[in-house]
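The values are calculated or read from the model by the stated rules, or taken from the named source; none is laboratory data. Keep in mind it's a predicted model, so treat the numbers as computed, not measured. Backbone-built Cβ (ideal geometry, glycine too); neighbour counts: all protein chains shown. All accessible areas refer to the heavy atoms of the entire protein, side chains included, with ligands and DNA or RNA removed. Shrake-Rupley method; radii C 1.70, N 1.55, O 1.52, S 1.80 Å.
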Amino acid sequence: QVQLIESGGGLVQAGGSLRLSCAASGRTFSNYAMGWFRQAPGKEREFVARIDWSGIYYVDSVNGRFTISRDNAKNTVYLQMNSLKPEDTAVYYCVADRINGLGRYKESQYDYWGQGTQVAVSS
């Protein structure tokens, strides 16, 4: 079973940057699709980004501003967030898809979830 632990969240001014990290346990990390969801207060969780064997995918609202990457040797996935906006304020969750399924944008596709890290963007 995989455990995911996020870090790197915090408070930042609009236009600033943060880099989130997700450290994963498990011997088969390199075979998993990895991604990020987020949940703003009072809203449902939404897909943010994913990296898998076929490529990299982003929700339209972050495309061009956020970059997902992974370092399999370190069992770590990253989310570099630039040009942050107040609407990016949310708890960000690291997720893992064990079978590399095609339902990339659905919560149900992912087998493992981290506890979340808070990102707050002030105006």
Identity of the residue in the stretch 26-46, out of contact with any Asp or Glu (no Cβ under 7 Å at 6 or more places or on another chain), part of a loop (DSSP other than H, G, I, E, B) and within 16 Å of Thr117 (Cβ to Cβ), that ends up most open to solvent (accessible area, probe 1.4 Å): Pro41
Among Ala73, Ala96, Ala49, Ala23, which is part of a helix (DSSP H, G or I) and either in contact with a strand residue (DSSP E or B) (Cβ under 6 Å, 6 or more places away or on another chain) or free of Cβ contacts under 8 Å to residues at least 12 places away in the same chain (or both)? Ala73
Subset of the stretch 52-70, residues part of a strand (DSSP E or B) and in contact with a Leu (Cβ under 9 Å, 6 or more places away or on another chain), comes to Phe66, Thr67, Ile68, Ser69
Of the residues in the stretch 1-20, those that are closer than 13 Å to Met34 by Cα and assigned to a loop (DSSP other than H, G, I, E, B) number 2
Which of the residues that make up the stretch 83-93 are open to solvent by less than 60 Å² (accessible area, probe 1.4 Å), farther than 18 Å from Gly35 by Cβ and not in a helix (DSSP H, G or I)? Leu84, Thr89
Have a look at Ala23, Ala73 and point out the one that is open to solvent by less than 60 Å² (accessible area, probe 1.4 Å) and of a type in the set (A, V, I, L, M, F, W, C). Ala23
Does Gly8 satisfy the condition of being at pLDDT 95 or above, surrounded by fewer than 20 Cβ atoms within 10 Å (Cβ to Cβ) and either under 12 Å from the mean Cα position of the chain (by Cα) or under 22 Å from Arg98 (Cβ atoms) (or both)? yes
Residue in the stretch 103-113 that is open to solvent by less than 10 Å² (accessible area, probe 1.4 Å) and in contact with an Asp or Glu (Cβ under 9 Å, 6 or more places away or on another chain) present: no
With respect to Thr67, is the statement that it is under 15 Å from Ser7 (Cβ atoms) and at pLDDT 95 or above true? no
